[in-house]
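Presented below is the structure to which this report refers.
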Amino acid sequence: MMSVGTEFLALDLGATKLAYCKSVTAMLPNVDRIELPRCGRADEEFAALSGRLESLPPVSGVPVICVAPSLNAAGQVLSWPNRPYWKGFPLIASLEKLLGTKVRWLGDGEAAALANAGDQRGLSYVSLQFGTGVGGAIVCNGQVLRLGPINCELGHIIVDGGGPICTCGARGCLQAVWQGYCRGEISLERLLDLLAVMIANLARIFPGSQITLGGRIFDVDGKDVDGKLVQYLARGVRASCPQEEWLPTIRTSVFGPNAPIAGALREAVRLGNEHV
Ligand SMILES: [Zn+2]
């Protein structure tokens, strides 16, 4: 594929699917999905994506993919609790070979955070995305905050020391509690109470931040229509963090489950404009 088209390409590799979309602007168009099969071999599962991706028309600039697994600097899978046998798979190199172009990548939580922060500046923008797992990241001054060599893992902050075992091996991560809720083993109230404690802790590090919740936490569209659950959550945060100066504002993502790919598209457009 040559970089001669007019549309930017964004992709989102999740636990069960690869989503992708093409657009000339950062406005999210219809998103196509390819189911990711499960056969226990990374190369065979990746190969199932190749037919559709190879047939894509040329795109503009550098495609951006947001990914559920953690990758190292070379774009190889460091860990993917949902598909542990992908460890070591050269994901980005394989995708670049398939598309015939360089590919940029970021974590799906990071991409969602970029979409949710949008053009806003001046605060810390914390984003939590509830899908199969929980992705999350923090955006400051339009940049994803990275304080180490790999992305931060907000979904694996421990919120309940006696909680369920997480796919990462720890006990009581936010993600493990969320998945327990999805299985009907943990009540919504319990989930929100624990989430409130986590947000109160984040508020001590990022005072006055804006917290955006996306994905499937409030309903299938990710929209808390009447705001009652956000109000319940905000009361819980206030109980654990009584000082006004630290309190975050809490809202739901306008992108719902599409926040990660919206952020990847935003990044693809930004990179494309940088090189004009
Ligand atoms: Zn975990």
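The values are calculated or read from the model by the stated rules, or taken from the named source; none is laboratory data. In this text the structure is predicted, and so the values were computed from the model without any measurement. Heads up, the Cβs are rebuilt from the backbone with ideal geometry, glycines too, and the neighbour counts pull from every protein chain shown. Side chains included, ligands, DNA and RNA excluded: accessible areas come from the protein's heavy atoms. Shrake-Rupley method; radii C 1.70, N 1.55, O 1.52, S 1.80 Å.
Here's the yes/no breakdown for (1) over 17 Å from GLY109 (Cα atoms); (2) away from the ligand (no atom under 16 Å from the Cβ); (3) of a type in the set (D, E, K, R):
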| site | (1), (2), (3) |
| --- | --- |
| VAL144 | no, yes, no |
| HIS156 | no, no, no |
| GLY161 | yes, no, no |
| GLY172 | yes, no, no |
| VAL177 | yes, no, no |
| TYR181 | yes, no, no |
| ALA196 | yes, yes, no |
| ILE211 | no, yes, no |
The conditions are (1) under 19 Å from LEU28 (Cβ atoms); (2) charged (D, E, K, R); (3) surrounded by fewer than 23 Cβ atoms within 10 Å (Cβ to Cβ), and GLU110 fails exactly one of them. Which is it? (3)
Are any of the residues in the stretch 43-56 in contact (Cβ under 8 Å) with a residue 40 or more places away in the chain and among the aromatic types (Phe, Trp, Tyr)? yes
Considering the stretch 62-84, residues that are part of a loop (DSSP other than H, G, I, E, B), among the aliphatic types (A, V, I, L, M) and open to solvent by less than 50 Å² (accessible area, probe 1.4 Å), and then whichever is farthest from the ligand (Cβ to nearest atom), we arrive at VAL62
Report yes if ALA42 is over 20 Å from the mean Cα position of the chain (by Cα), modelled with pLDDT of 90 or more and surrounded by 17 or more Cβ atoms within 10 Å (Cβ to Cβ), otherwise no. yes
Show me the strands (runs of 3 or more DSSP E) entirely contained within the stretch 122-240 in which 3 or more residues are open to solvent by 30 Å² or more (accessible area, probe 1.4 Å) and either at pLDDT 95 or above or in contact with a helix residue (DSSP H, G or I) (Cβ under 6 Å, 6 or more places away or on another chain) (or both). none
